[in-house]
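See structure below.
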Amino acid sequence: MEIGHLTWAPTLEGPELALEDERFDFDLRYFGDNTCMHSDVFSELRDAARATSTIKLGTSVTNTLTRHPSAVATAIAGVQVVSGNRVICGVGKGDSAVAVIGEPPQRHKPFLERTAMLRAYLQGETIALGDADSRLEWLERFDYTPVPLEIVATGPKMLRAAAALADRITINVGTAPERLDWALEQVDAGLEEAGRTRADVTIGTFVMASVDDDRDAALDRL
């Protein structure tokens, strides 16, 4: 089991926060992505990669609405190269990130199409876009291991899509056992539809936590 830590990345504090988590023996450090509220997440991650040596680093979550899939892929692939292959690309529909630019969350069909494109770019594949054969050509010059694609999912359609597309699935339904059981049923159904098994994915969940000597203060933050 891996334990990770997720917060926004206060501007220019990505390296400090990731290094602190590495010293506390966290396995993962995720930063959220919101271009209007915080500094560029990929810049923070690249700086964090240079400051650390063992902790895995990722977006939780970026989206393919505020950025084209190729832009997401080239940014996160750069962090992968700098970090020595310690990166995860977490993606979702971008609720808060698109809200602050006056856009609704991504519709499901475009999410599937653009996430499939993102996965192909991350795998170093070539995509036919109009008359162009599109790929991250610069990757050929580096020792690059494909960045794992992680989908954060709450509803049944997203959970099943994650089962078909992702290397990693993060369930976001709270911590009630019956809700987690329901979500895993959706994942298993999606895996079966896609001809995959639990062995093909890593599954995790978000758990809200606040640590404080003062219980009321901790509850307040939650």
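The values are calculated or read from the model by the stated rules, or taken from the named source; none is laboratory data. Because the structure is predicted, anything quoted here is derived from the model rather than measured. Cβ atoms come from the backbone with ideal geometry, glycine included; neighbour counts cover every protein chain shown. Remember, those area values only see protein heavy atoms, side chains included, never the ligands or the DNA or RNA. Shrake-Rupley method; radii C 1.70, N 1.55, O 1.52, S 1.80 Å.
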Considering only the range 37-86, how many residues are part of a helix (DSSP H, G or I), within 23 Å of L129 (Cβ to Cβ) and of a type in the set (V, I, T)?
3
Filter pass, R86 being of a type outside the set (G, A, S), at pLDDT 95 or above and more than 14 Å from the chain's Cα centre (by Cα):
no
Selection status of A128, in contact with a Lys or Arg (Cβ under 7 Å, 6 or more places away or on another chain) and either surrounded by 12 or more Cβ atoms within 10 Å (Cβ to Cβ) or free of Cβ contacts under 8 Å to residues at least 24 places away in the same chain (or both)
no
Identity of the residue in the range 193-207, in contact (Cβ under 8 Å) with a residue 24 or more places away in the chain and open to solvent by 80 Å² or more (accessible area, probe 1.4 Å), that ends up farthest from T175 (Cα to Cα)
E193
If you go through the range 177-189, how many residues are farther than 27 Å from D33 by Cα and open to solvent by less than 30 Å² (accessible area, probe 1.4 Å)?
1
Is it true that T52 is polar (S, T, N, Q) and open to solvent by less than 60 Å² (accessible area, probe 1.4 Å)?
yes
Scanning the range 55-74 residue by residue, the ones that are closer than 22 Å to Y144 by Cα and surrounded by fewer than 20 Cβ atoms within 10 Å (Cβ to Cβ) total 4
Residue list for the range 159-176, filter: open to solvent by 20 Å² or more (accessible area, probe 1.4 Å), closer than 20 Å to I88 by Cα and aliphatic (A, V, I, L, M):
A164, L165
Could you check the range 1-36 and list, in sequence order, the residues that are touching a strand residue (DSSP E or B) at 6+ places or on another chain (Cβ under 8 Å), open to solvent by 40 Å² or more (accessible area, probe 1.4 Å), over 11 Å from L57 (Cα atoms) and part of a loop (DSSP other than H, G, I, E, B)?
E2, I3, W8
If you check every pair at least six apart or on different chains, which have Cβ atoms under 6 Å apart with a residue in the range 132-157 that is within 30 Å of Q186 (Cα to Cα) first and a residue that is among the acidic types (D, E) and outside any helix (DSSP H, G or I) second?
P148/D167; L149/D167
The condition of being open to solvent by 50 Å² or more (accessible area, probe 1.4 Å) and of a type in the set (V, I, T) holds, among I101, I88, only for I101
